[in-house]
């Protein structure tokens, strides 16, 4: 299994409504991508100083599933419609994950 | 539950040995912090272009557990001994997590 982590910083013009719309779109997108074993997305809780604005954590079975998810038309659509215009900075990484290691 | 995500970019002088030593130190650290429900750390698998160099994902029960982990002396020690000197950039965020939502 692979854990894909991404965090995002928004441009100043992004509103709470934009963020709610993005979360709804990402959640709907995730439901369309069978390769996603699990998926969480939302605004940073900001429990510590200096963090990013938003984050996504996705679990897939392997490398093919990761590409299927990230290259999925529904993913590209959310980027084109919403996220692309919100983005100031992005940080992403993938880690290997064994079953039950994150719970 | 809270998922804490952090990803890191290293300064150019960081070696594979530095990274192995860091992963060993973080793994040993995590074993000392009972507030960590689960913890994974390692170099980015780099399955997609343009990612960060390293990532950590940690799950804690709540906000008190998050602070207990991040303010733990063993965490500060790894930072002082290893990570602090390796770091060029860092991105972090926390997301709410429900039981079994990331597996």
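Computed quantities for the displayed model
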item: Failed item, numbered, when residue A:98 is tested on (1) within 22 Å of residue B:38 (Cα to Cα); (2) free of Cβ contacts under 8 Å to residues at least 40 places away in the same chain; (3) out of contact with any helix residue (DSSP H, G or I) (no Cβ under 8 Å at 6 or more places or on another chain); result: (2)
item: Residue count for the stretch A:69-100, restricted to those that are part of a strand (DSSP E or B), more than 7 Å from every other protein chain (Cβ to nearest Cβ) and under 12 Å from the mean Cα position of the chain (by Cα); result: 1
item: Total residues in the stretch A:54-76, condition over 20 Å from residue A:16 (Cα atoms) and touching a residue at least 40 places away in the same chain (Cβ under 8 Å); result: 14
item: Residue ID - surrounded by the most Cβ atoms within 10 Å (Cβ to Cβ), chosen from residues in the stretch B:11-34 that are touching a strand residue (DSSP E or B) at 6+ places or on another chain (Cβ under 6 Å) and closer than 19 Å to residue B:90 by Cα; result: B:26
item: Scope the stretch A:38-53; condition in contact (Cβ under 8 Å) with a residue 12 or more places away in the chain and more than 7 Å from every other protein chain (Cβ to nearest Cβ); matching residues; result: A:39, A:41, A:43, A:53
item: Selection within the stretch A:11-37 - outside any helix (DSSP H, G or I) and within 14 Å of another protein chain (Cβ to nearest Cβ); result: A:35, A:36, A:37
item: Residue match in the stretch A:71-85 (condition: in contact with a strand residue (DSSP E or B) (Cβ under 8 Å, 6 or more places away or on another chain) and closer than 19 Å to residue B:52 by Cα); result: no
item: Residue A:68 surrounded by fewer than 20 Cβ atoms within 10 Å (Cβ to Cβ) and within 20 Å of residue A:2 (Cα to Cα); result: yes
item: Flag for residue A:65 being over 14 Å from the mean Cα position of the chain (by Cα), farther than 22 Å from residue B:92 by Cβ, in a helix (DSSP H, G or I) and within 12 Å of chain B (Cβ to nearest Cβ); result: yes
item: Considering residues of the stretch B:46-65 that are surrounded by fewer than 19 Cβ atoms within 10 Å (Cβ to Cβ) and touching a helix residue (DSSP H, G or I) at 6+ places or on another chain (Cβ under 8 Å) only, the residue nearest to residue A:2 (Cα to Cα); result: B:47
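Every number here is computed from the coordinates shown, using simple stated rules; none is lab data. Only a predicted model underlies this, so the values are computations on that prediction, with no experimental measurement involved. Methodologically, a virtual Cβ is constructed for each residue, glycine included, from the backbone with ideal geometry; neighbour enumeration extends over all protein chains shown.
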